[in-house]
1. If r is the Cβ-Cβ distance from Glu9 to Ala424 and R0 is 41 Å, what FRET efficiency results, to the nearest 0.05?
2. Distance between Cα centroids, the stretch 318-360 to the stretch 229-305: provide it in whole Å.
3. Which ³J(HN,Hα) values in Hz, rounded to whole numbers, follow from the phi angles of the stretch 129-134 under the Karplus curve 6.51 cos²θ - 1.76 cosθ + 1.60, where θ = phi - 60° and Gly and Pro get x?
4. Please provide three numbers in whole Å: the alpha-carbon extents of the chain along the principal axes, with the largest listed first.
5. How far apart, in nm, are the 7 Å Cα→Cβ label points at Tyr301 and Ala229?
6. Please state the shape class of the stretch 1-155: rounded when a/c is under 1.5, otherwise prolate if a/b exceeds b/c and oblate if not, all from the C-alpha gyration tensor.
7. Length gain on complete extension for the stretch Glu330 to Lys50, per 0.36 nm per residue less the alpha carbon to alpha carbon distance?
8. In nm, give the distance between the simple-model label positions of Thr370 and Ala194, each being 7 Å from the Cα along the Cα-to-Cβ direction.
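Rule-based calculations on the coordinates, nothing more; no lab input. All of these numbers come straight from a predicted model, not from anything done at the bench. Cβ coordinates were reconstructed from backbone atoms using ideal geometry, including for glycine residues, and neighbour counts include every protein chain displayed.
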Amino acid sequence: MTRNQSLFERAQRHIPGGVNSPVRAFRSVGGAPCFFVKGQGARFIDADGKEYLDYVGSWGPLILGHAHPEVVAAVQAAAADGLSFGAPIEAEIELAELLCRLVPSLDMARLVSSGTEATMSAIRLARGYTGRDLLIKFEGCYHGHSDSLLVKAGSGLLTFGDRAGLAQGSPSSGGVPADIAKHTLVLPYNDAAALTEAFARQGGQIAAIIIEPVAGNMNLIAPEPAFLAAARALTAQHGAVLIFDEVMTGFRVGLHSAQGLYGITPDLSTFGKVIGGGMPLAAFGGRRDIMEKIAPLGSVYQAGTLSGNPVAVAAGLATLKLIQAKGFYENLTARARQLCAGLTAAAQKHGVAFCAQNVGGMFGLYFTQTPPTNFAEVTAADTEAFGRFFHALLNAGHYFAPSAFEAGFVSAAHTEADIASTIAAAEAHFAATGR
Ligand SMILES: *Cc1c(COP(=O)(O)O)cnc(C)c1O
């Protein structure tokens, strides 16, 4: 038995499924998950001493790669001065100022510890601000695991949730009361007509739209610009709040996030992943008149013992400083594009139905002829072909997310030669399995 296998056996005795987050299990692709012991740059090493090029990046945060020396130094310096005060520190102001400067739709921001908290708080705020209950989300978008948002929510739920419960407005997880799920209206992604119709019918009851401006939790689905524009126009017209969930896309697709890339100004936005640089840190923010409704200024309650934690804030500040370097996103985007183009060409050469696309530093791989544009198309892809691809690449030392329903990530530490080595490994696999 390998050390990974024996650790997995031991883990399953006292941790449900052996993992502390379901997407880490290899349930949909089979086999035991790798337990990791050390990461450096674009690579990490598992418990059996095997090294991998990492295309998961802790599911998005590691835009600088593993253990970037400047981030580690900032964390060590902060930790030496105290792990938590439960009282304000100057670095929190710096981080809020920086977020508001880089993302102009933010007048104010509040720091929390996870993306789930950020989205949960943003929808509570939108409901408190509008005095309405109804929430619109899109099929296959994931916004964390709070009750209102576990309705037709992608990735982990696509793999493990209650598929029988995937009817409109019904929860995609056990334990979510139907009474809560009924306040969430689920519409297809990239369907401006369905959105327009929903507002025509119930516009006066809709508190908010929450959307991943690039969907990254049902593989990667690129937004049609007219769809995002419709979401902006309809919310403005009907007095509803437009929430961009940028927990994944924030500082991942560009320095000004997806809203900068597509030129849309949401009312509220949520961030996580990259802004914590690998530490538990997230944020929500937006228009001043809405943000001033939060306690202690307003009546919408939101709090956190470890919110604005000094060590997490130090990691976030160090990360956000480094991503502002000249050419950072051009380089990151070029690496993701190189990967997508190289994999697609290799598949074509061997007659494999496969395509790939990137938005900035995130990418999608699809065992289909053309990139999907919504949830229904994503779920039609060949998941068995993905499973074979996953294991072949894993075996060759290239670590992709263990599910066909996840976006992938490159970091600034990935070199042109690194990407070329992954394309070569994929080509060997396609050559062996293609026509
Ligand atoms: C990851 C993610 C979340 C949840 O963040 P956690 O930190 O895992 O709670 C919310 N929304 C989106 C778009 C995400 O990708």
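1. About 0.75, to the nearest 0.05.
2. 26 Å
3. For the stretch 129-134, the Karplus-derived couplings read 5, 8, x, 10, 9, 6 Hz, x marking Gly and Pro.
4. Principal-axis extents of the Cα atoms in the chain, largest first: 59, 53, 47 Å.
5. Calculated label separation equals 4.4 nm.
6. oblate
7. Stretched fully, the Glu330-Lys50 segment lengthens by 97.7 nm.
8. Here the answer is 1.8 nm between the modelled labels.
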